[in-house]
Amino acid sequence: MSLTGKLVSDQVLIIDYLAVSEKERGHGLGKHFVDYLRQKAAAEGYQKLIIEAESGETLDNRRRINFWQSCGFLLTEYVHHYIWVPETYRAMYLPLIADSRKRTGEELFVYINTFHRLSFRGSGKEES
């Protein structure tokens, strides 16, 4: 299962949530699904995929980050603090076009926060 959001004008696809049932993990389903999303986004002209990962130092969080890195995502250094949840997050991204410019977490959280604002508050636009 996945929940994604398109920021059409920014050419960004955000993967807000991705889950594989616990009993089905370890068979490559998550990687196949991420590859499907990557191919679909690239075919639709998006420039990058973005996710946010919990950054607290726990084994589960490290496993999640390792999963995303094994799918080609790059981890940023910036740690983001939301005011409404105690967990901290770091942005990760997967470039879909040849682009040598490294992205910062602060830059990526602008997209993530825009996605959240459009998703949870509504905007009347088709971008969420």
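The values are calculated or read from the model by the stated rules, or taken from the named source; none is laboratory data. In this text, all values refer to a predicted model and were calculated from it rather than measured experimentally. Here Cβ is always computed from backbone atoms with ideal geometry, including for glycine, and neighbour counts include all displayed protein chains. Accessible surface is based on the protein model in full, side chains and every heavy atom, while ligands, DNA and RNA are left aside. Shrake-Rupley method; radii C 1.70, N 1.55, O 1.52, S 1.80 Å.
Quick notes on this one:
- Here LEU18 clears all of (1) out of contact with any strand residue (DSSP E or B) (no Cβ under 6 Å at 6 or more places or on another chain); (2) aliphatic (A, V, I, L, M); (3) within 19 Å of ILE112 (Cα to Cα) except the condition numbered (1).
- Odd one out for GLN47, checked against (1) closer than 14 Å to ILE112 by Cβ; (2) over 11 Å from the mean Cα position of the chain (by Cα): (1)
- Selection from segment 1-10 of residues that are part of a strand (DSSP E or B) and open to solvent by 60 Å² or more (accessible area, probe 1.4 Å): LEU3, LYS6
- Segment 65-95, subset in a strand (DSSP E or B) and among the aliphatic types (A, V, I, L, M), residue most open to solvent (accessible area, probe 1.4 Å): LEU74
- Single unsatisfied condition, GLU107 versus (1) open to solvent by less than 70 Å² (accessible area, probe 1.4 Å); (2) part of a helix (DSSP H, G or I); (3) within 22 Å of ALA19 (Cα to Cα): (3)
- Here is the figure for segment 40-58: residues that are open to solvent by 50 Å² or more (accessible area, probe 1.4 Å), out of contact with any Phe, Trp or Tyr (no Cβ under 7 Å at 6 or more places or on another chain) and more than 12 Å from PRO95 (Cα to Cα) total 5.
- Within segment 11-34, tally of residues that are open to solvent by 60 Å² or more (accessible area, probe 1.4 Å) and part of a helix (DSSP H, G or I): 7
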